[in-house]
Each structure stands twice: as structure tokens, then as C-alpha cells.
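First up is the structure itself, then whatever we jot down about it.
A short reminder: the numbers here are calculations on the coordinates, not readings from a lab. Note that this is a predicted model, so its numbers are computed, not measured. Using ideal geometry, Cβ is built from the backbone for each residue, glycine included, and neighbour counts are taken over all protein chains shown.
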Amino acid sequence: MKSTNFIDNLPKVYGIYTGGFIGFIIIMAIAEQMGMTAKAIGIAFVAFTVFIYALIGWLSRTAQADAYYVAGRQVPTVFNGMATAADWMSGASFVAMAGGIYFKGYGYMALLVGWTGGYVLVASLLAPYLRKFGCYTVPDFIGTRYGGNLARFSAVVVLTVASFTYVTAQINATGTIASVALDIPFQYAVYIGLISILLCSMLGGMRGVTWTQVAQYIVLIIAYLLPVFWISNKMGAGFFPHFMLADEVARIGELESQFGFVKNSAADLATVPKGLAGITKAHSAVNATPWAFISLALAMMMGTASLPHVMMRYFTTPSVKAARKSVGWSLFFIFLLYSSAPMLATLSKLSLIDPNLSTGIIGKSIAEVQAIDWYQNWNAANLMFVSDFNGNGTVELNEFFMGGKAVVLATPEIAGLPYVISGLVAAGGMAAAMSTADGLILAIANAISHDVYYKIIDPKAETAKRLVVARVLLVVIGFAGATIAAMEIQGILGSVIWAFDFAMSGLFFPLVLGVWWKRANRQGAVAGMLGGLAAGTWYLVWVRTGGSGFLGITQLTFGIFGSAVSLIAMVVVSLMTQEPDKATQKMVDEVRVPSGKTILGKQ
Amino acid sequence: MSNQEKHWEKSRGLLMITLAIWFVFSIGIFLFGAEMNEVTGPFGYPWTYWFTCQGSLGAFVILIFWFANRQEKIDEEFGFSEREDE
């Protein structure tokens with residue numbers, strides 16, 4: 001699977017794969033008509049797709065360090081874009097994003113802007129230069145640019161804190177989906193999810209993860225777009241929802257002012273199952289202060305540019321030029337899903353609240369709603385709830401509650417689509433969570449095996465031994481993540497946002513200034529990484545324990561404070577200490593031009 | 001000024017332009033979110049709503065490809081682009 005022949009044949013290979021997957025969907029649809037049960041369809045979808053990923057993982061096995069760490073640096077631009085999109089779009093993007101927009105409206109859409117705008121920073125400030133550097137991991141860049149084991153080790157610490165926060169959420173998401181689709185308890189499903197994740201990455205490292213992520217992107221984008229287009233057509237809202245939902249958006253605004261946002265009493269809300277929410281914010285009206293919106297978007301953008309599992313995807317391209325273009329393709333593939341999430345939220349909300357539609361439940365009697373099939377299913381799954389707070393016998397806007405996940409998972413059923421679509425959506429969610437978890441676990445294991453074990457502890461270790469260490473770490477970190485995920489400490493989305501804040505607190509400025517400011521030196525970088533991480537963590541703990549915060553920085557945007565401290569510490573300490581030696585300055589000059597050998601390739 | 005210094009100066013200029021455009025679409029327009037949402041924009045959506053759903057996102061995609069092409073031209077101009085056999 002390593003020959004250039006395989007690379008040339010990629011469009012054909014993935015073309016056949018996509019055709020095969022669509023064929024599988026059609027077979028399932030026919031099987032459903034012939035009486036296959038919903039449960040069997042769900043199992044078939046998840047088992048079939050996971051089997052394919054595992055097969056790709058096995059075919060990509062390797063014993064070479066270059067293939068294991070950076071997929072042999074031969075991943076073509078467009079395919080690397082797809083792999084990055086899958087790497088990037090997590091279970092949270094797939095399952096929770098549309099739900100967040102459904103409940104919170106405009107304020108929440110800051111995440112859409114933040115999680116895409118960050119790629120401009122990746123493309124212009126970092127990715128091409130780090131590719132020229134020729135490193136295996138992000139701490140590899142820090143360690144070589146600034147020199148010294150302390151700088152390298154500090155980068156590993158920040159990377160591990162950020163990525164580990166992120167990965168527990170992803171393993172949690174694979175467990176949730178596996179437990180629903182396979183109908184087994186969550187505590188066991190988490191480990192089934194973990195084994196599927198490890199099957200993709202253990203044998204082939206980055207090479208295995210790259211080719212499974214491309215396969216996972218294809219599954220997740222079909223699974224997201226097909227229902228959106230289908231529902232839009234079925235509702236008569238327009239055949240191309242992205243361009244044709246203005247009337248629907250306006251109609252929601254009209255209904256909102258007609259119903260009004262009635263505030264429920266605390267006693268009433270106490271009867272609502274945990275985790276469910278009602279519609280309390282306007283759908284399209286601007287209901288957040290500019291700073292609340294902008295600070296969240298800014299934190300997510302800077303976090304994007306600091307997350308190592310994204311950055312390392314651009315180490316796999318054949319050239320600096322390809323790395324730049326590849327960032328553009330990544331964002332294009334992400335755009336396809338992100339621009340559809342608000343459309344799904346709009347369709348889902350309108351189909352539930354418009355009394356003129358047959359699916360609308362507002363204004364119907366409580367007993368009538370409680371008798372609907374899909375209501376009973378999702379109520380049993382603890383994702384839907386109605387209650388007659390004002391005692392008038394009909395469902396009001398403030399008396400209907402839903403879980404965030406239900407917007408993606410239940411809308412196909414509410415709109416009356418066949419069950420095969422729900423099975424497809426489960427497979428898509430699984431693909432999204434698995435691909436991100438793979439990238440993250442690999443980022444942590446590679447940093448520890450390459451930077452701590454090989455570069456610091458045992459620089460003479462042979463390749464075979466290094467790769468054994470890397471694989472053992474992969475399993476250990478995976479199990480640690482799954483164990484914490486099984487404890488269900490925090491929600492999926494909250495911990496994802498924290499991961500961005502941790503990453504930007506410790507890594508944003510040390511990475512950017514490493515390329516753009518020649519004067520930046522080792523002492524400054526260490527101060528920036530450790531000071532930023534410590535300051536960000538302190539702020540988070542302070543706000544979580546009742547601190548009031550300042551400048552409107554919340555526990556979701558603490559990275560703004562952390563990175564500000566990091567910048568100041570780095571600049572002040574750098575200027576107070578000696579400037580980097582001539583060799584380092586020359587190295588920075590070479591990083592800045594695409595031509596010539598990579599920095600590490602010369603050593 | 002050496003060839004490399006000129007190359008870097010031009011690259012830095014491109015970065016500034018890129019970041020300025022990025023700033024407009026990621027932060028600038030949202031300073032006026034409430035005012036802009038009163039006006040009908042593309043496809044009949046309110047302007048701010050359209051930017052958060054599609055407009056800014058699409059602008060970022062175009063911006064990155066534009067940046068990549070410009071940077072390639074700068075690299076070629078000063079003879080720093082990669083050779084195909086590397």
C-alpha cells in the first residue's frame with residue numbers, strides 16, 4: 001500500500017469505495033422494505049463501516065518511522081484536505097452543533113465562525129513553515145527551533161493537556177453511539193469504541209489514520225447532507241436548502257413573536273429530565289453582545305491554530321506549496337458540513353413548532369403529542385419531554401424540551417424519513433468521533449514516543465524499538481481516555497471548547513513567534529508555554545469556583561487570558577535574555593523560504 | 001537588501017493583507033451584528049445571519065486559496081519555489 005502506484009490510484013480507490021457505500025445504503029433501504037428491523041439496520045451500519053476502517057488500518061501497516069509518523073509525506077493535497085476535515089470534525093460537530101444552534105441561535109453560531117476562521121491563521125502563519133521544517137510532531141518544531149529539552153518537554157505538556165481533554169469527549173461520543181446502535185450498556189460500549197479507534201491507528205500510525213480518515217469523511221458527509229436535502233424537499237422548503245430557507249427563517253421569527261418566550265419557574269424546570277432544554281433564544285435575531293460573540297470566535301480561531309492534531313496533518317503533504325493549498329481544501333470540506341448545520345437546525349425547529357405543518361406539535365393537546373410514535377421512542381431515550389406547566393391541556397413553546405443530540409439524531413424520524421437514514425446518521429456520527437479520536441491519540445502518543453522517549457531519554461533507540469514504544473503508548477493513552485470517558489465527568493461540547501483554550505494558552509504564541517520573530521529565544525518560549533498554560537488553568541479554576549472573571553472572559557474563553565499572559569511572558573523574557581545564536585537565526589531564515597531541503601532533513 | 005530579505009518583506013506584506021481581510025470577516029462585521037441583521041441580504045436572509053451561516057465561512061475558503069496563489073507567485077518571483085524533483 002506504499003507504492004506511488006497506490007497514490008496515483010487514489011481517486012479510483014475512493015471512487016469505488018464511495019460507490020460501494022451508496023450501494024450498501026440502497027441494500028439496507030431495500031432490506032428495510034422487506035422487513036429488516038430497525039435494530040438490525042443500526043447494527044449493520046455501524047459494524048459494516050467499522051469493519052472497513054479496520055481493514056484499511058490493517059492494509060496500511062508499516063515498520064518505517066517516516067510512514068508511521070508522517071504517512072511518508074506523500075498525501076496529495078485534496079485527500080489530505082478530506083482527512084483533515086474528518087480529523088477536525090468531531091462527534092461534537094456532527095451530533096451537537098446543529099442542536100446548539102437550534103437552542104441558542106446567534107450566540108452559538110460564533111463557533112461556526114471560530115472553527116472555520118482559524119484555518120486562515122493556520123494557512124498564513126504556521127502550516128507551510130512547519131512543513132518546511134520537516135518535523136514529525138509539533139514539540140519537535142519547538143524543541144529544534146528553541147533548542148533544549150525543557151522547551152521540548154514544555155510543548156509535550158501543553159499538547160498532552162489540550163489533546164487529552166479533547167479525546168475523552170470523543171471516546172465518550174463513540175461510546176454513546178455504539179451503545180445506542182448496538183444496544184449495549186455505555187460502560188462496555190466505550191471500550192468497543194476504543195478498540196475500533198485503535199484498529200485504525202495501531203498498525204499504520206499516521207499512514208493508517210490518513211487513509212481511514214478519508215474513508216470516514218466520505219461516510220460522515222453523506223450521512224449529514226443526505227437527510228438535510230431530503231427533509232428540505234419533503235417539507236417543500238426548497239430543493240437546495242442553503243439558498244432557499246430564507247422564508248423558513250423568517251417564519252420561525254414570526255412564530256417566536258407570536259408564542260413569546262415564556263420563562264419557566266424553577267419548580268417547573270426541576271421536573272424536566274437532566275440535559276434537556278427548551279427554546280429560549282431567538283433563532284436568527286442577534287441576541288448576544290458583540291464581545292460575547294467575538295471573544296468566543298477569537299478563542300476558537302486561535303485554538304484552531306494551536307491544536308497539534310490538526311497541525312500535524314500538514315506534515316504529511318509532499319511539499320510546502322501543497323501544505324498551503326491543502327489547508328484551503330480542508331476548510332472547503334469542513335464548510336460543506338458547517339454551512340449545513342444551521343439549515344438542519346432551521347428545518348428541525350420549523351417542523352416542530354409550526355402549527356400549519358402536520359409534524360408541528362405546538363398547539364396540539366398534550367395527550368395527542370404523547371401518543372406520537374417518535375415522541376415515545378425519544379422520550380424513552382431521555383431526549384424528549386413535554387409537560388403541561390400552565391394546565392391548559394395544549395403544548396406551548398416553553399413546555400417542549402429536547403436533548404441537544406436529538407436535533408441531528410431524531411429529525412429524520414420526525415420528518416418521516418425511513419429508518420435507514422437514522423442508521424446512516426449513526427454511522428456518520430461514529431465516523432466523526434472515531435476520526436478525531438484517532439488523530440488526538442496519535443498526536444499524544446507520537447509526542448511522547450518521539451519527543452520524550454527518542455529525543456530526550458534514549459536518542460540511540462532503533463526504529464523498531466521506537467515504533468513499539470509508540471504503539472504501546474497509543475494503547476495506554478487510549479485506555480486512560482476510555483476509563484475517564486466511562487466516568488462521564490463532563491459534557492462533550494464543554495470539554496471540546498476547553499481543549500481549544502488550553503492549546504491556545506500554551507502553544508499559539510510560541511509557535512507563531514518561532515517563525516515570525518527571530519529574536520524569540522528558548523527562555524522566552526518556555527516562559528510563554530508554561531506561563532500561558534498556568535495562567536489559563538488558574539483562570540478556569542477561579543471562574544469555576546465562583547470567581548467573577550473580568551473583561552467578560554468566561555470559562556469557555558479563558559484561553560484569551562492565558563494566551564495574553566503567554567505573549568507578554570514570552571516577549572519580556574526573550575528581551576531580557578540573550579538573543580538566539582547565529583545558527584538558530586539562520587535556521588529561521590531557511591524556514592521562511594519553501595525551496596531547499598527541510599531543516600531536520602539536513603541534520 | 002538581499003534577495004531573501006526582499007522575499008520576506010513581500011511575504012510579510014501579503015500576511016498583513018490576509019490578516020486584515022480575515023479580521024473583517026471574523027470580527028469586524030460582528031461588531032455591527034445587531035444593526036446589520038435589520039437589512040435583508042443574499043438569498044433573502046438577514047445580513048448578519050447569512051454571514052454567520054455561510055458568508056464568512058465561504059470568504060475564509062476563498063481567502064486561503066487566494067493567499068496560497070499569491071504566496072506561490074512571490075516564491076517564484078524571488079526564485080524560492082520548490083523544484084518538482086524535490
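The table for this structure:
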item	result
Cα-based convex hull volume of the protein assembly as shown per residue, rounded to whole Å³	152
Sequence of A:V180, A:V591, A:V262 once ranked by neighbouring C-beta atoms within 10 Å, starting from the fewest	A:V262, A:V180, A:V591
Proxy reagent accessibility, fewest Cβ within 10 Å first, across A:I222, A:I22, A:I231	A:I22, A:I222, A:I231
Spatial separation of Cα centroids for the range A:309-344 and the range A:98-147, in angstrom	10
Nearest-ten-degree value, helix A:320-338 long axis tilted from longest Cα axis of chain A	10
Cα gyration tensor category, rounded, prolate or oblate, for the range A:401-558 with a/c compared to 1.5	oblate
Point-to-point label distance, A:T271-A:E579, nm (Cα→Cβ direction, 7 Å offset)	7.3
Dipole-positive endmost among A:S595, A:Y454, A:Q370 within chain A (Cβ charges, Cα centre)	A:S595
Residues B:T40 and A:T289, FRET efficiency given R0 of 25 Å [Cβ-Cβ distance, rounded to 0.05]	0.60
Those lysines that a straight Cα-Cα span of less than 19 Å connects to A:K281, excepting residues fewer than 8 apart in one chain	A:K104, A:K263, A:K349, A:K405
A:I22 paired with A:R519, simple spin-label distance in nm, labels 7 Å along Cα-to-beta-carbon	5.8
Inter-part distance where the range A:502-531 and the range A:53-94 are each reduced to a Cα centre, Å	28
20 Å Cα-Cα reach of B:K73 towards aspartates and glutamates, excluding residues that sit fewer than 8 places from it in its own chain	A:D589, A:E590, B:E5, B:E9, B:E82, B:E84, B:D85, B:E86
Proximal charge balance of B:L15 [Cβ under 14 Å; K/R count +1, D/E count -1]	+3
Taking the convex hull of Cα positions in the range A:269-353, its mean projected area over all directions (nm²)	8.8
Size of charge dipole - chain A - debye, nearest 20, with Cβ of Lys, Arg +1 and Asp, Glu -1, no other charges	2420
Between helix A:149-182 and chain A: long-axis angle, C-alpha atoms, 0 to 90°, nearest 10	30
The range B:38-78: projected area of the alpha-carbon convex hull, averaged over directions, in nm²	3.3
Within 10 Å of each Cβ in A:115-123, the average number of Cβ atoms from other chains	6
Cβ-based exposure ranking for A:L467, A:L307, A:L126, in which fewest neighbours within 10 Å come first	A:L467, A:L126, A:L307
